[in-house]
Amino acid sequence: MTQAKIHPFVLSHPALVDLPAPLAERLQSEVILRRYQVGQALCLDQQLPSELLLIVEGSARLMARDQGRLLTVDKLGRGSWVGLASFLRAGGCEDVSAAEPVVAAAIPDTLALDLIADVGFYREACGDVLAAELAALLQGLLATGAGGPLAL
């Protein structure tokens, strides 16, 4: 994982384009770019992330476990949030790894919480978290034995 300056795509993302000036300024000064190699974890399902990621380039897989096997629940690409469902739940629920080289904008947790408190950001960004929440619920059911193998 390497770090670099903010990418112009970040500032044009629908959830970030109309932020109040103080949040926009913090975003520009606090966000860094991280690069992930194929197979590298962007987020782990048992950990609350320390930053919110916005995929700028590449793709990643949202994974779930079924009888010890990892299955792809969703493919995440440019503009997808990683860690947002975990922040909203206040607990790790996303197992995400790079499907190809990924560049992601990393937003520190304190700024992420302030963004989530912004109504405009919340309205635009939180529609992307359904797959991660669903995967967490399915894993909970599978872990308790409530159902057969997961067929996706």
Within the stretch 24-45, restricting to residues that are surrounded by fewer than 18 Cβ atoms within 10 Å (Cβ to Cβ) and in a loop (DSSP other than H, G, I, E, B), the one that is modelled with the lowest pLDDT is L44
Which condition number does L62 fail, the rest of (1) over 13 Å from V103 (Cβ atoms); (2) of a type outside the set (S, T, Y); (3) touching a residue at least 60 places away in the same chain (Cβ under 8 Å); (4) open to solvent by 40 Å² or more (accessible area, probe 1.4 Å) being met? (4)
Would you confirm whether any residue within the stretch 90-108 is closer than 13 Å to A15 by Cβ and at pLDDT 90 or above? yes
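Looking only at the stretch 65-82, which residues are open to solvent by 30 Å² or more (accessible area, probe 1.4 Å) and in contact (Cβ under 8 Å) with a residue 24 or more places away in the chain?
Of the residues in the stretch 65-82, the ones open to solvent by 30 Å² or more (accessible area, probe 1.4 Å) are 65, 67-75, 78.
R65, Q67, L70, L71, T72, V73, D74, K75, R78 - these are the residues of the stretch 65-82 that are open to solvent by 30 Å² or more (accessible area, probe 1.4 Å) and in contact (Cβ under 8 Å) with a residue 24 or more places away in the chain.
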Here is a list of conditions, (1) in contact (Cβ under 8 Å) with a residue 24 or more places away in the chain; (2) open to solvent by 30 Å² or more (accessible area, probe 1.4 Å), and A85 meets all of them except one; can you say which number that is? (2)
Considering residues that are under 13 Å from L27 (Cβ atoms) and either open to solvent by 30 Å² or more (accessible area, probe 1.4 Å) or outside any helix (DSSP H, G or I) (or both), the number found within the stretch 102-112 is 5
Filtered residues of the stretch 7-18 (kept if surrounded by 13 or more Cβ atoms within 10 Å (Cβ to Cβ) and in a helix (DSSP H, G or I)): F9, V10, L11
Within the group L48, L54, which residue is in contact with a Phe, Trp or Tyr (Cβ under 9 Å, 6 or more places away or on another chain), closer than 15 Å to E94 by Cα and open to solvent by 40 Å² or more (accessible area, probe 1.4 Å)? L48
Which condition from (1) in contact (Cβ under 8 Å) with a residue 40 or more places away in the chain; (2) closer than 18 Å to L115 by Cβ; (3) exposed (fewer than 15 other Cβ atoms within 10 Å of the Cβ) is the one that A21 breaks? (1)
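The values are calculated or read from the model by the stated rules, or taken from the named source; none is laboratory data. Since the model is a prediction, treat every value here as computed from it, not as a measurement. Cβ atoms come from the backbone with ideal geometry, glycine included; neighbour counts cover every protein chain shown. Protein only, heavy atoms only, side chains kept; ligands, DNA and RNA dropped before computing areas. Shrake-Rupley method; radii C 1.70, N 1.55, O 1.52, S 1.80 Å.
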